[in-house]
Each structure stands twice: as structure tokens, then as C-alpha cells.
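The values are calculated or read from the model by the stated rules, or taken from the named source; none is laboratory data. Remember, predicted model here, so these are calculated numbers, not experimental data. As a convention, Cβ positions derive from the backbone with ideal geometry for all residues, glycine included, and neighbour counts pool all protein chains shown. When the accessible area is computed, the model is the full protein with side chains, heavy atoms only, and any ligands, DNA or RNA have been set aside. Shrake-Rupley method; radii C 1.70, N 1.55, O 1.52, S 1.80 Å.
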Amino acid sequence: MAVVSKEVIAPPLGNTSLALSLLISGGPILFLAAQGWYLRQVLNVRSRLHVIGGIALLLVEITTLIVPPFAALLLVSACLATLAVLDQ
């Protein structure tokens, strides 16, 4: 996320490239997938929230291609904040 923040701050109102979009939402998607796999393999727990969160982040990633970089980062942050609240 630090690299993403640096890349977003540089041209905040520019266009969001595919590479930047993958940086913004790819990391959280990989985290959710890895954590879901871990919970399933080690604790034998199936988490629908991880699957739903991954799908939501994929949809947000598509949306990030048409908005400025700062808005893309805000969308992904809002999605992650929502997942954190729902996980409680």
C-alpha cells in the first residue's frame, strides 16, 4: 500500500493505468485469498466474507480504471473498511 500511495500522490488527477489499478486492488485481493486459504486449510473455517470481499474488490478494480487515481484509492479503502466492519 505504501507503493500505491506514492504512485497515487505523484499524479492524483491523472489517468489510472491498468498497472496502477492492479497495484491498488491486487494486493488486498491477494491478501483476502491467502487469508481465506489459510483459514480453510488450518482452521477448517469457510469464510464467505473473504469470497464476497474478493469479488467486491474485483468489481472495484474494474471501476478504478475509469476514475482518477485518488478516487480509485478511496474506493478500495472504502471497500476494505466495509469488510473490516462486517468481519466484526
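For the reader, a short list of remarks on this structure follows.
- If only residues of segment 69-88 that are touching a residue at least 60 places away in the same chain (Cβ under 8 Å) and under 13 Å from the mean Cα position of the chain (by Cα) are counted, the one that is most open to solvent (accessible area, probe 1.4 Å) is Leu73.
- Number of positions in segment 29-51 that are assigned to a helix (DSSP H, G or I) and either in contact (Cβ under 8 Å) with a residue 12 or more places away in the chain or open to solvent by less than 40 Å² (accessible area, probe 1.4 Å) (or both): 9
- Flag if Ile66 is outside any helix (DSSP H, G or I), exposed (fewer than 13 other Cβ atoms within 10 Å of the Cβ) and either modelled with pLDDT of 80 or more or of a type in the set (A, V, I, L, M) (or both): yes
- Scanning segment 53-63 for residues that are exposed (fewer than 15 other Cβ atoms within 10 Å of the Cβ) and either touching a residue at least 12 places away in the same chain (Cβ under 8 Å) or under 20 Å from Ser17 (Cα atoms) (or both) yields Leu58, Leu59, Ile62.
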